[in-house]
1. For the chain, calculate the relative contact order in percent as a whole number, restricting contacts to Cα pairs under 8 Å that are 6 or more residues apart.
2. Could you work out Rg/(2.2 N^0.38 Å) for the stretch 1-150, with Rg from alpha carbons only?
3. Please compute the alpha carbon radius of gyration of the stretch 102-143, then divide it by the globular-protein estimate 2.2 N^0.38 Å. Two decimals is fine.
4. Over the chain, with the other protein chains present, what is the accessible area per residue in square angstrom, probe 1.4 angstrom?
5. Suppose every K and R has +1 on its Cβ and every D and E has -1 on its Cβ; what is the size of the dipole of the stretch 1-141 about the Cα centre, in Debye to the nearest 20?
Amino acid sequence: MLNKTQPQTKSLLVSEPFMLDPNFNRSVVLLAEHNEQGSMGWVLNQPSNLVLSDVMDDIYDANFRLFIGGPVGQDSIQFVHKCYDKLNSGIDLGDGVYWGGNFESLKLLIERGEIEQDQIKFFLGYSGWSAGQLDQELRENTWMVSNSYNPDILFVDDEENLWKEAVVNLGPKYAHVAQFPKNPMWN
């Protein structure tokens with residue numbers, strides 16, 4: 001295994017550098033659930049060309065970027081945030097990060113300009129693994145797991161470098177992986 005860190009709620013899954021699946025190529029996934037029934041989370045660094053007001057008719061001028069959270073349920077919108085003090089709702093993922101919450105309250109906060117871009121991230125769809133599937137992928141070195149990171153990394157606006165940052169954060173043993181070219185034939 002690339003690393004022996006076990007995934008848990010709020011882990012980051014960092015894809016191996018040459019993953020061929022276009023849904024997860026050079027991706028960083030935030031896990032919201034990991035248990036015996038399976039795992040689910042969102043790809044943090046695959047922005048779409050849409051903003052929230054493009055898909056929600058009742059929210060005007062909501063220029064929050066939408067990210068492709070994964071290949072499952074792309075007709076749904078989910079969000080993570082670090083503004084519980086304003087929203088007063090959401091599932092606690094730890095370190096001041098929350099999943100979801102009262103969407104009607106959120107819409108009002110957005111309309112009043114009380115939510116900042118660096119406090120929330122919206123996703124179309126999610127990433128999901130059936131029971132044992134993620135564990136098998138870890139044994140196949142598809143993912144590296146990080147359980148220790150600055151939670152602000154979840155809300156960065158530099159998606160292109162997020163994968164590299166997450167790899168370097170894994171420690172000196174992995175830092176050289178961040179320099180691998182996207183295509184091994186470019187080496």
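1. Numbers: 364 pairs, mean separation 52.3, N = 187.
Worked out over the chain, it gives 28 percent.
2. Values: Rg = 15.7 Å, N = 150, 2.2 N^0.38 = 14.8 Å.
Ratio of Rg to 2.2 N^0.38 Å for the stretch 1-150: 1.07.
3. On the way: Rg = 17.4 Å, N = 42, 2.2 N^0.38 = 9.1 Å.
Working it through for the stretch 102-143, the quotient is 1.91.
4. Values: 9450 Å² over 187 residues.
Heavy-atom accessible area per residue stands at 51 Å².
5. Working: 10 positive and 20 negative charges, 70 e Å.
It works out to roughly 340 debye.
The values are calculated or read from the model by the stated rules, or taken from the named source; none is laboratory data. Computed from a prediction, not measured in an experiment: that's the story for all the values here. Neighbour counts are summed over all protein chains in view; Cβ atoms, including those assigned to glycine, are modelled from backbone coordinates with ideal geometry. With ligands, DNA and RNA removed, areas are computed over all heavy atoms of the protein, side chains included. Shrake-Rupley method; radii C 1.70, N 1.55, O 1.52, S 1.80 Å.
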